[in-house]
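A short write-up of the structure that comes next.
The values are calculated or read from the model by the stated rules, or taken from the named source; none is laboratory data. All values derive from a computational prediction rather than experimental measurement. Here the Cβ is made from the backbone with ideal geometry for all residues, glycine too, and neighbour counts use every protein chain on show. Heavy atoms of the whole protein, side chains included, go into the accessibility calculation; ligands, DNA and RNA do not. Shrake-Rupley method; radii C 1.70, N 1.55, O 1.52, S 1.80 Å.
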Amino acid sequence: MKQKKNIILLGSTGSIGLSSLRFLRENEDRFKLIGVSAHNNVKLLSQIVNEFNVPNVVLSNPKNANGYFGNHELNVGQSSLIDLAKINCDIVICGIIGMAGLHPSYAAISVGNNIALANKETLVAAGKIFIDKSVKSKAKILPVDSEHSAIFQCLDEQNINNLDFITLTASGGPFLKTPLKEFQKIKPKDAVKHPVWKMGQKISVDSATMFNKALEVIEASMLFELNSNKIKVIVHPEHIIHGLVHYKDGSIIANLGIPDMITPLSVALNWPLRVDLKTKKLSLSTIGNLSFYEPDFSKFPGLKFGWEALENPYCSPIVLNAANEIAVDAFLKNKIKFTEIYNIVEKTLNFYSPSKPKNIGDVIEIDKISRLNSINFVNMV
Ligand code: MG
């Protein structure tokens, strides 16, 4: 019998975590879950531990530990989370949201664990440092973000010099057809309704502002070591094509599929092989037509930060990401308007004088300062 791959799942109770569990449940013969973490949701974490019989368990927020009823010992706190990521395994899946994913992801690759990375903040904020480390430790980075998984699958390593550019597709979010004059009135409950993907609140708002695509431009630049002028974005509301690689001979290789995170997860966890997923498959004749538009920068000005931040690739992406997290949080708490998210990020970016972080500690420091700066800007609104 073939040996099972040992998997550690960080952020098991979030949207990526639940998709991962769905995949693991259907592929028990190939994979064994040996570690799980959650931040707050102790009830669901306990259920996962009992269902999958997971020996290594971490709740990163110790406050909720009392509610734990799993069959294996519970470890709590941030340092336990780092220790979990370092346990020798075949692949660590990182589905943690936001900057909280950086330390454990970095810890995982530092010890040579391969990583299926869904946490885009890791690559956005610490991309260069992270990639350098993975080269040294020989850890593979397997993208789970659907657009990056698409590019990863379409890239032909032998012809990298003949690559012209790549295109990331964007669904355009819930306000693609909303007139600009109505943007002032957008409420959190409208912004979290994504037309294609069911996701967490933060990333849904990022899709609505198209900041998500700005972060993805940076993510792609880091992951595939491409200059910003080699990355394009096109709005494609059906979101059937996830990414395209354009070669200099005029050929374009595209990746298509039903928008379901289980496919990119499966690609990452089985790479370079594929498995038969018992999931709904794409029927082109049912879809009929696919449409494409240039992004509207007057409605979604935040998108341009994807390219602008790459002018200072070590620092500006950290500031951009931090400011956006604060601004989105303020919007979700009804402290600022939807359109002010962009203003807060722009002010924070202009306020900070770029420096070059040398390690993860420096990244965290720039992140912290940027958060404080953007909180100040929020309070001035
Ligand atoms: Mg994506």
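Some observations on this one:
- Proportion of all alpha-carbon pairs of the chain beyond 39 Å (%): 13
- Label sites at K356 and F297, each approximated as a point 7 angstrom past Cα along Cα to Cβ, lie 2.8 nm apart.
- Residues T178, T348, sorted by accessible area with the largest first, give T178, T348 [1.4 Å probe; ligands and nucleic acids excluded].
- Long hydrophobic helices in the chain, taken as whole DSSP H segments with a C-alpha length of 18 Å or more on their own axis and mean Kyte-Doolittle hydropathy at least -1.0: 120-137, 211-224, 316-332, 360-380.
- Relative pair counts by distance (%), Cα atoms of the stretch 223-381, 10 Å bins: 9, 26, 29, 26, 10, 1
- Only Lys, Arg (+1) and Asp, Glu (-1) charged, at Cβ; the chain dipole about Cα centre in debye: 660
- Segments 288-297, 260-269 sorted - mean Cβ within 10 Å per residue, highest first: 260-269, 288-297
- Contour minus Cα-Cα distance for E26 and L290 (0.36 nm per residue): 91.9 nm
- Rounded, prolate or oblate (a/c below 1.5 giving rounded, otherwise prolate when a/b exceeds b/c) for the stretch 5-143 by Cα gyration tensor: prolate
- The stretch 143-254 - percent relative contact order, Cα under 8 Å, separation 6 or more: 45
- Computed accessible area, T169, all protein chains, 1.4 angstrom probe, square angstrom: 0
- Most to least accessible of M199, M380 (protein chains only, probe 1.4 Å): M380, M199
- Among I287, I336, I240: highest mean-square fluctuation, GNM of the chain, C-alpha pairs under 10 Å: I287
- Summary value for the chain: 14 percent relative contact order, contacts being C-alpha pairs under 8 angstrom separated by 6+ residues.
- If you take all other residues with their beta carbon under 11 Å from the beta carbon of P317, and give Lys and Arg +1 and Asp and Glu -1, the sum is -3.
- Exposure ranking of I253, I34 by accessible area [1.4 Å probe, largest first]: I253, I34
- Relative contact order of the stretch 231-312, pairs being alpha-carbon contacts under 8 Å that are 6 or more residues apart, as %: 34
- Count of lysine pairs in the stretch 314-381 with Cα separation under 21 Å (8 or more residues apart, or interchain): 9
- The stretch 1-93: Lys pairs at Cα distance under 15 angstrom, eight or more positions apart or on different chains: 4
- Options V76, G11, Y106, ranked by Cα towards positive dipole end of the stretch 5-136, top entry (Cβ charges): Y106
- Under 20 Å of direct C-alpha separation, and excluding same-chain neighbours fewer than eight residues apart, K248 reaches these aspartates and glutamates: D156, E157, D164, E225.
- Take H39: with every protein chain present and a 1.4 Å probe, its accessible area is about 90 Å².
- Residue-level accessible surface for L45, protein heavy atoms, 1.4 Å, Å²: 0
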